[in-house]
1. Taking the Cβ of B:N85 as the center, what net charge do the other residues with Cβ under 13 Å away carry, scoring Lys and Arg +1 and Asp and Glu -1?
2. Mind grabbing the interface size between A and B? I mean buried accessible area, both sides, 1.4 Å probe, in Å² to the nearest hundred.
3. Summarise the accessible area of the range A:65-331 (1.4 Å probe, protein heavy atoms) by the percent that is carbon and sulfur.
4. Can you pull the percent of chain B's accessible area that's carbon plus sulfur, 1.4 Å probe, other chains left in place?
5. Shielding by partners for A:455-465, please: the mean number of other protein chain Cβ atoms within 10 Å of each residue's Cβ.
6. Tell me, what is the FRET efficiency for B:S115 and A:E292 to the nearest 0.05, using R0 = 56 angstrom and their Cβ-Cβ distance as r?
7. Report, as an integer, the average count of C-beta atoms from other chains found within 10 Å of each Cβ along B:333-341.
8. Relative contact order (percent) for the range A:259-353, with alpha-carbon contacts under 8 angstrom and 6 or more residues of separation?
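The values are calculated or read from the model by the stated rules, or taken from the named source; none is laboratory data. Quick caveat: nothing in here was measured; it's all calculated off a predicted structure. Cβ sites come from the backbone with ideal geometry, for glycine too, and all protein chains shown count toward neighbours. Just so you know, the surface numbers come from the protein's heavy atoms only, side chains and all, with ligands and any DNA or RNA stripped out. Shrake-Rupley method; radii C 1.70, N 1.55, O 1.52, S 1.80 Å.
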Amino acid sequence: MTAAPLFTLCVTSGKFGPRVGSLNLDREDGTPVIRTPTPALLTATSRGVVPHFSRDSVQITGAIQHIQLPFESFLDRNPPVLTLVGGARPLHQFLGYETDKHVLTLTLRDPSDGRKMPPNGNDFMSAHCTRGVRKVNLPTWKTYVQKCKPDLVVALSDTPFTPPPHSQKRMTKSIERSISWLADFLRVLDDPSASCPRNVLVHLAGGAEPHARGEFADRLTEPIEQKDAVGLSPFNTLDDGVAGYVFDLLPLHTTLAAEACRPIEPSSPVDELLKVSDSQRSSPDSSIRLAELLQASLDPLPVHKPRFVNSPVSPHEILRLVREVGIDLVDGFWAQRAADIGVALDFRFPVPAESSITSADCPAPRTRKDGKMDLGHNLFDSMYRHDHSRLASSFSDGHSAGQSHSNDLPVCPCGACSPRSPASRLLHSSVDIQSWQDSQRPLPPSALQPPFVRSYVHHLLHTHEMCSHTLLAMHNLTVLSAFLEGIRKVLGREFPKDELEKEIVRFEQKYDEDMVLWDEAATMWLDVEHARGKGRLARERGKQTASTMGTAA
Amino acid sequence: MQFEVLAKCHTTRARVSRMRLAHGVTMLPTFMPVATQAAIKGLTPQQVEALGINLILNNTYHLNLRPGIQVLKEAGGAHKFQGWNHNLLTDSGGFQLVSLSKFTKITEEGALFASPFDGSPTMLTPEESISIQHAIGADIIMQLDDVVSSLTVGPRVEEAMWRTVRWLDRCIEFHQKSGEDDVQNLFAIVQGGLEADLRDKCLDEMIARKDRVAGYAIGGLSGGEEKDVFWRVIKQCADKLPEDRPRYSMGIGFAEDLLVCVALGVDMADCVFPTRTARFGVALTFKGPLNLRLSKHSADMRPIEEGCPCPTCSSGITRALLNHTATLETAAAHAITQHNLVFQARVMGGARDAIMNGTFPQYLKDFFANYFGDAGYPEWCVNALRSVGVDLLEGKPDTRVVSGDGAKWEYSDAA
């Protein structure tokens, strides 16, 4: 039996344009094929784990299915511990993901890390770990991948992480290296018993130059030259060995911002706790530029391969890339980062009817001067101190939806809005049953509980409690997943392209894209972090040194 | 409160009891995890419940500052605010006034302290403390006590003891007038420092008020006093306190301390230790604590403890993964916290079973052999347990006994 194709398209509009498909992971080991309707969410991880989630939190968050695993944090030990696990699914086993639900995509570098990096070499790539920068050469990466057996893997490519602009010479080198690294990655090993990595994704290189991007894509589709063909059969072109395409938007945003004379300095964010991506914003213009760049790459390439987009900075940008390019998997870094800085997302696509979300008991996000609504709530804001409503006005919570049928809001099934009592409780002695089977106070398992409310999360944020971020991350991933589901639904309508266009216009008119809310939240988050977080003592010492400088101590 | 002793150890003073409060039944002896700011650090209330825990502690001082009583009242009390459906205990706030505020001055009226917000003088009276605890709505509330460090000597200790007795009367009066006394249960706190005669006087006074208090705490300990003095105070108090009231030892959390206290007749204890140490990467096991940050764990594919039913061990999280994430990812703190709370619960659950089955002395011997076997038994534990008829060294002539605190730590790779 042949394997199910990794990707099938159901709704398509030619080379570029909105599309709906299905990503089908067939491990060819007798286990059921895992099918995901696209556009779909790709959950970001840090050090192998979804930030702020214990394993039980991952399990109850249905939005988490596709997971992106940067390998680089594991370089701080040699050999990296991931390569020592063994077994059929080492990554699932070691990191605790479920083989029948979670699809793991391995990358070397974290696509959301935009820090300045030392240059890559002709045969190695620089990567970050807690002990500093490590060089990873091609055979090493290949060995790591073989030992980790990921479901999908991204080949190494040479993206400069030095401040833009990049010279033409640098771009040429980037393309040459990325092509040769891909060829090397696809080449079968000398050891024929070692299995070749399946489902290889390639990052489409070329930076912010359409010509360069086109050049890279052309190289993928050119017939492989005789001298390079050893070990590459049966491929006629490198693209034959590629299962899908990856776009890392972060370096593109950095370059576009530099061109627009609002450089985002990669080497020195204002604060050590901030990331380069925190200041990246989208606009209709930037989305059009991005779409042109993505199109330049995809133009010579076949349409039936899935397109992965990392680090989009807003739902507006995702919508435009869906419309202009057609993208299939989108990472959730943006929504997860919002959870770090105290933002609870509160938006929907398509935009709900006004009447359904204006409710006295659950205030909608703030409307800015230009009439546009925030994409969520900055729960650090003191206005939430007495706000005892669920996180999102545009979704209901499981508990109240179960009690009344008066509102037609969709339910947010996340662990913050629709928490459930545990399915079981551990018993630590034979008499413990008296606590849990109490005729005077029945405690049904897995029963819906009232939602966590804004005032509580506000309190947790200000008291630096970790579970504030857990609750927000569960919620934000779920809202983003529902947003992508909304896109799929609109594309399921009779005239998908027109319907999508209409709904995107409504979305753009409704929700604020400047994301002032994010700036406000980040400022308040930094205040609390500096007052209570890690490194507080060191910073206080630093401040004291600074303030006593020049005085006789 | 309904309090019923189900079984007593035939040798020691340990007992198993059932305590019914407004939010359900808690089986004693038990350890109470601390949710200082209305959250067990890193866990949702559903996760805590799944661990088999049904009594936790909130701190009055912290909740009074943030979110504040007004917010708690609007939310319908602390249970609803934090989504916790089970039993809850609040302290009086007195301990934090002394430990967190440099400017606290104790007067007969109450504790005068500088507001942490604007520095203005603020008074916490016994009545005010109970009133705040009423707004929080915990199932067990504590009297305001005049706390002195356990290292204090001289007349201040006696003064604080008598004032604590007087403040208990004010707390009782205020509590009974409020009409909350049928749902919230007031505990008295025995003070008197490390001096036996003062403790005795305090016990007499407080036992005389037995009909108007639901239970007793033993306060003024765990402040750096010698362990050999600590257990003697616990024993003195537990011996004298009435049979039909729960006994709560404040600020106790090391496994060996818990078991000694249980053997001396203590029913409840609380401590931030298991949750705090988890955040620093230390996991508790029946073979002693593991510092998961040490590189010797970096490729160890075993769980923290084989056979542990906690979500961390039962889902196959390895020491190696925790070594990779500890102190760098909050997820590691969550995972180790889940494990450590289950460890505490297993230590106490094992004690409940052993007491029910009449095997508690053997349970103590097995626990100490496992936990301290290679490092040596703390002398104070040996002494304390001998005082209730259990000789840990019986039939073990080669066991090393170490003086001092005897806490067992994995400090560095060299160890």
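1. Working: positive: A:R420, A:R425, A:R441, B:K80; negative: A:D438, B:E49, B:D139.
With Lys, Arg at +1 and Asp, Glu at -1, the neighbours total +1.
2. Answer for the A-B pair: about 5200 Å² buried.
3. Details: 5340 of 10220 Å².
Solvent-exposed carbon and sulfur of the range A:65-331 make up 52 percent of the total.
4. On the way: 7270 of 14360 Å².
Roughly 51 percent of what the probe reaches on chain B is carbon or sulfur.
5. Values: counts 6, 9, 0, 3, 12, 6, 0, 3, 9, 2, 9.
Averaged over the peptide's residues, the number is 5.
6. Details: r = 59 Å, r/R0 = 1.05.
Result of the calculation: an efficiency of 0.45.
7. Details: counts 3, 10, 6, 1, 2, 3, 0, 0, 1.
The per-residue average across the peptide is 3.
8. Working: 67 pairs, mean separation 22.2, N = 95.
Answer for the range A:259-353 is 23 percent.
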